[in-house]
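Scroll down for the structure; my scribbles are underneath it.
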Amino acid sequence: MLLVFTVILVALIFTYTNGFHDTANAIATVVGTKVLTPRQAIALAAVTNLLGAFFGLAVAKTISSGLVDAHFITQGVLVCGLFAAIGWNLLTWYYGLPSSSSHALVGCLIGAAIAYAACLDDLKPLTDKDGKPVSVWSAVKWTEVKDKKDKNLVPAPAEVVAALGDGLKTNGTHTIHLGTNKVQVVAFCGRVAVVETVVKPHADKSGLFYKVVVPMFTSPVLGFAGGFLFMLILYFLLRKWRPTTVSRVFGKLQLFSSAYMGFGHGMNDATKCMGIITLALVAATTSGVFADLPSWAGFLVTKEGSSPFNLTLGDQMVAALPNFLQFGYMPAPADVKSQGIPNWVVVLCALIMAAGTAAGGWRIIKTMGHKMVKLQPVHGFAAETTAATVLAITGSLGMPVSTTHAISTSIMGVGCAKRFSALKLGVVERIVWAWILTIPVTAGVSFCLVWACVKAGILHLAL
């Protein structure tokens, strides 16, 4: 049981460092343009990160199950990987480099899994489920291509609403019978939609190559090009405006773009550790570790699968709003095969992320807001809007990209639109090297940490 609590504690420490390390993603430009003071900007980022963490709460499949084979991930391996990720966050923060916490965690999981597989292979050659020998590299899921099932919501006909009956009063996903057919519907605040499943052959591409490597190169290119073009368009549209008018208008608009970036960061980054903690709880529950828990600690017991009627905390927050403020919002259809995240884990990770954000990442804010390029409110608005758009597009394609990469390259693109000499290439070079080295270095550190712990007898192999 001590190991389970260690996983939770270390995951929360990583979430905290993630918060102050990536604060700059949302607020560096609004500080650099002097629209807000650093304290005001950090307060805005803390609040928006907290709210964002309540939405999009599906377990981060890319982190928890899409990159490494679960057979080579134990709670001890998770602890080693998280320690390595925390170390990288602190190192890059100290030197003021806006590196990706997501990629740091990815690298640590990969290195830890390969090390564990190598230690197992030393004792007994690894084999697949058919008994054929495999290498230690099989611990990593390089590429996977499967059929994709998209669940879309379409308006419900009258007969479906009638068949739902009193179920209309219960928010969530329902399965009803229409003759011999089963129909899945979503009811929310008096609104009803039918779940329409569309199967796309070979459209679900996962694994390290598709989920990490491809987005790692495409998202910075999109951010740079988008920031460059968007700024050129703004220059053309605003060419007859007075500078004071431009600064006043975009100073106000930048508050919204900065808040949106903070919301997106909380929505994306907090989920990673929610997934890790939930996986640790599920593993402990299924293995019987929590069998003798006292009644007051029953909240720790977490079983696989989720109730189809469970709504995320974000859904519940929307449900509490008046109908005219919901704007027709409908929650995503529940997947009873997916692991739901306990509400207390959501709240805890959200608060820790917000606390880390409130602590501030002054060094990185200085690099992104001042050192890369001198920014005005219109430049900050362009960079944040571009980065948020890149995140939205790649997210809809199922590519979890780095918020750091998106906003950093957007700032570079905006700076080049101003004039190429405005971009300080020495600072950019340091940032790019941090991006390139993040996954290899963190993988190497976590590999060595797991290997050393196994050889020292601190980490035991599950044969």
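Is it the case, given these coordinates, that T62 is assigned by TED's automatic domain parsing to the domain that holds D269, modelled with pLDDT of 80 or more and polar (S, T, N, Q)? For T62, the condition - assigned by TED's automatic domain parsing to the domain that holds D269, modelled with pLDDT of 80 or more and polar (S, T, N, Q) - is not met. Residues M267, M353: which one is at pLDDT 75 or above, under 15 Å from the mean Cα position of the chain (by Cα) and not assigned by TED's automatic domain parsing to the domain that holds K151? The conditions single out M353. Of a type outside the set (A, V, I, L, M, F, W, C) and more than 30 Å from A203 (Cβ to Cβ), is that true of P125? Considered against the rule, which asks whether it is of a type outside the set (A, V, I, L, M, F, W, C) and more than 30 Å from A203 (Cβ to Cβ), P125 comes out as yes. When the residues of the range 132-147 are narrowed to those that are of a type in the set (D, E, K, R) and within 21 Å of the chain's Cα centre (by Cα), which ends up farthest from Y210 (Cα to Cα)? Per the criteria, the residue is K141. Whether a residue is aliphatic (A, V, I, L, M), in contact (Cβ under 8 Å) with a residue 12 or more places away in the chain and surrounded by fewer than 15 Cβ atoms within 10 Å (Cβ to Cβ) was assessed, and V140 does not pass this test.
Contact map, the range 306-333: first residue more than 20 Å from E196 (Cα to Cα) and outside any helix (DSSP H, G or I), second residue modelled with pLDDT under 75 and of a type in the set (K, R), Cβ cut-off under 9 Å, separation 6 or more or different chains; pairs are S306/K337.
Here V427 meets each of (1) of a type in the set (V, I, T); (2) at pLDDT 75 or above; (3) more than 21 Å from the chain's Cα centre (by Cα) with one exception, condition (2).
Could you count how many residues in the range 1-45 are closer than 27 Å to L279 by Cβ and either at pLDDT 75 or above or among the acidic types (D, E) (or both)? First the steps, then the outcome.
Taking the range 1-45 as the starting set, the residues that turn out to be closer than 27 Å to L279 by Cβ are 1-23, 25.
The next check asks that each one be either at pLDDT 75 or above or among the acidic types (D, E) (or both); those that pass are 2-19, 22.
Selection size over the range 1-45: 19.
Among the listed residues G107, G56, identify the single one that is of a type outside the set (A, V, I, L, M), modelled with pLDDT of 80 or more and within 23 Å of K211 (Cα to Cα). Can you show your working first?
Working: G56 fails: modelled with pLDDT of 80 or more.
None of the other options fit; the residue is G107.
Among residues of the range 195-207 that are closer than 29 Å to L164 by Cα, none has a Cβ under 6 angstrom from a residue that is small (G, A, S) and surrounded by 10 or more Cβ atoms within 10 Å (Cβ to Cβ) at a sequence gap of 6+ or on a separate chain. In the range 14-28, the residues that are outside the structural domain of S410 (by TED's automatic domain parsing) never reach a residue that is modelled with pLDDT of 70 or more and of a type in the set (S, T, N, Q) with C-beta atoms less than 6 angstrom apart, at least six apart or across chains. Might you check whether a residue that is among the hydrophobic types (A, V, I, L, M, F, W, C) and at pLDDT 80 or above occurs anywhere in the range 366-377? Within the range 366-377, not a single residue is among the hydrophobic types (A, V, I, L, M, F, W, C) and at pLDDT 80 or above.
The values are calculated or read from the model by the stated rules, or taken from the named source; none is laboratory data. The model shown is predicted, which means the values in this text are computed figures rather than measured ones. Please note: Cβ atoms are built from the backbone with ideal geometry, for glycine as well, and neighbour counts cover all protein chains shown.
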